[in-house]
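Beneath this line is the structure, given in structure tokens, with notes to follow.
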Amino acid sequence: MAIGSNYVRILQLLLLLNASIAFGQSIICSSCNKEVEGDYLKIGNKYFHPDHFVCDYCKKLLPDRFMSDNSKYYHSECYAEVKGLKCEYCKKIIADEYMISQNKKYHKRCYEQISPKCRICDKTLVGTFSVDYYGNKYHSYHENEFPRCTCCHRLISKSITNGGRNYSDGRSICNICFSDAIFDQGRISGLLEKVRSKLSSMGIPIPSSQISISGVSVTELKRVAGDYFSDDVKGFCETSILTTNKNQTKYSHKIYILNGLPAINLESIIAHELLHVWIAQNTKRVLSKSVTEGSCNYVSYLYLVSQNSTLLVKQLIDKIEKDPSPVYGGGFRTIRNKFANKSISLFLSYLRNGE
């Protein structure tokens, strides 16, 4: 959007003089090219018979307020016609300052009717502004005024999310996401079984026993993850290995995930952690961190792709795809490029045996 003006030059003073008094030489009318005898008009460096100073468009006499453009003179309305200055909204002539948006011109008052409004303060958005994943448009400076939701990353405000709340561990969540937030341990265990069953049906067999899960706060997750913790970590898998007297290996897995998130967020985290379970029980070779975390993100991605395509699901997929981390994001992109359109069995064989 830009502000334009059709006033190339506005002249308001007409000089009406008598040729015989002002000059002792001939004056030529710029319109008819004949000598002026008696009164004349002087416009800039040009002279006119008083009845020859007419609009270049309609040929009618010009008033004491007119427009000048490239040595031609117009009524303001005629100039607008010549230059095509009509409002895209009301279709009437523009004879004053105007707004330009997407190469279309508007009266300033008309632009107010069609211009985008800030989702937060409801004022007109002029110039550059921010747009979130959900299409909410707002002045960029509001980003410094409101916290972002831990789940959907929308600005937590009354108009966008109907407000929100803060968790005791420092997280902020909007009321839209909080309406589906899960804290109940029984529901979290149910999500574990849901994701485990889905991955098994996709060809990634995960044992139904020897796995427990707990929803925890950021503080608790940081404690159990230790050096593996970062701000982007939403879950952690702790594996214990026991060798029996009969030289058998038994595994025990404890998954910790952040509580207070919507179901689909938790499911994507659980899918990631369940591949850690599979790797611990099926891979003897040492995998790099980028291969391990990239593969776990790949399984989380596959799980999300298999779900109903809501905006939140799309956002979670987008976050995995664009993750700037060389380990989580870079590792994911390497694995996906390697196994896109290939079978799950080839992917799992790679994790077991390498190339």
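Of note:
- Tyr251, sole failed condition from (1) over 30 Å from Tyr138 (Cα atoms); (2) exposed (fewer than 15 other Cβ atoms within 10 Å of the Cβ); (3) at pLDDT below 95: (2)
- Restricting attention to the range 222-262, the residues that are of a type outside the set (Ser, Thr, Tyr) and not in a loop (DSSP other than H, G, I, E, B) total 20.
- Within the range 263-298, the set of residues being among the β-branched types (Val, Ile, Thr) and assigned to a helix (DSSP H, G or I) comprises Ile264, Ile269, Ile270, Val277, Ile279, Val291, Thr292.
- Filter result for the condition that a residue is exposed (fewer than 14 other Cβ atoms within 10 Å of the Cβ), polar (S, T, N, Q), at pLDDT 95 or above and on the phi < 0 side of the Ramachandran plot, over Asn353, Asn337: Asn337
- Residue in the range 121-155 that is surrounded by the fewest Cβ atoms within 10 Å (Cβ to Cβ), counting only those that are of a type in the set (Val, Ile, Thr) and over 15 Å from the mean Cα position of the chain (by Cα): Thr124
- The listed residue being buried (at least 20 other Cβ atoms within 10 Å of the Cβ), touching a residue at least 60 places away in the same chain (Cβ under 8 Å), out of contact with any Asp or Glu (no Cβ under 8 Å at 6 or more places or on another chain) and farther than 30 Å from Tyr134 by Cα, out of Leu261, Leu199, Leu275: Leu275
- Within the range 289-311, the set of residues being among the hydrophobic types (A, V, I, L, M, F, W, C) and surrounded by fewer than 23 Cβ atoms within 10 Å (Cβ to Cβ) comprises Val291, Leu302, Leu304, Val305, Leu311.
- Any chance Tyr256 is aromatic (Phe, Trp, Tyr), farther than 30 Å from Lys342 by Cβ and touching a strand residue (DSSP E or B) at 6+ places or on another chain (Cβ under 7 Å): yes
- Close pairs from the range 205-219: first on the phi > 0 side of the Ramachandran plot, partner surrounded by fewer than 16 Cβ atoms within 10 Å (Cβ to Cβ), Cβ under 6 Å, at least 6 apart: Gln210/Tyr251; Gln210/Ser252
- Filtered by the rule that a residue be part of a loop (DSSP other than H, G, I, E, B), touching a Pro at 6+ places or on another chain (Cβ under 8 Å) and not aliphatic (A, V, I, L, M), the range 111-133 gives a lone residue, Phe129.
- When each of Asn18, Asn45, Asn33 is tested for being modelled with pLDDT of 90 or more, farther than 30 Å from Lys123 by Cα and surrounded by fewer than 13 Cβ atoms within 10 Å (Cβ to Cβ), the lone residue that passes is Asn33.
- Here Tyr79 qualifies as out of contact with any helix residue (DSSP H, G or I) (no Cβ under 6 Å at 6 or more places or on another chain), surrounded by 14 or more Cβ atoms within 10 Å (Cβ to Cβ) and either in contact (Cβ under 8 Å) with a residue 24 or more places away in the chain or assigned to a loop (DSSP other than H, G, I, E, B) (or both).
- Checking each residue in the range 145-175 for being without any contact (Cβ under 8 Å) to a residue 60 or more places away in the chain, closer than 15 Å to Gly260 by Cβ, of a type in the set (A, V, I, L, M, F, W, C) and assigned to a strand (DSSP E or B) picks out only Cys174.
- Taking every residue in the range 61-76 that is without any contact (Cβ under 8 Å) to a residue 24 or more places away in the chain and pairing it with any residue that is among the aromatic types (Phe, Trp, Tyr) and outside any strand (DSSP E or B), at least 6 positions away or on another chain, the pairs with Cβ-Cβ distances below 6 Å are Leu62/Phe53; Tyr74/Tyr57.
- Selected residue [in contact (Cβ under 8 Å) with a residue 12 or more places away in the chain, over 23 Å from Glu238 (Cα atoms) and among the hydroxyl-bearing types (Ser, Thr, Tyr)] from Ser306, Ser295, Ser349: Ser306
- Among the residues of the range 269-287, none is identified as polar (S, T, N, Q) and modelled with pLDDT of 95 or more.
The values are calculated or read from the model by the stated rules, or taken from the named source; none is laboratory data. Source: prediction; values computed, not measured. Please note: Cβ atoms are built from the backbone with ideal geometry, for glycine as well, and neighbour counts cover all protein chains shown.
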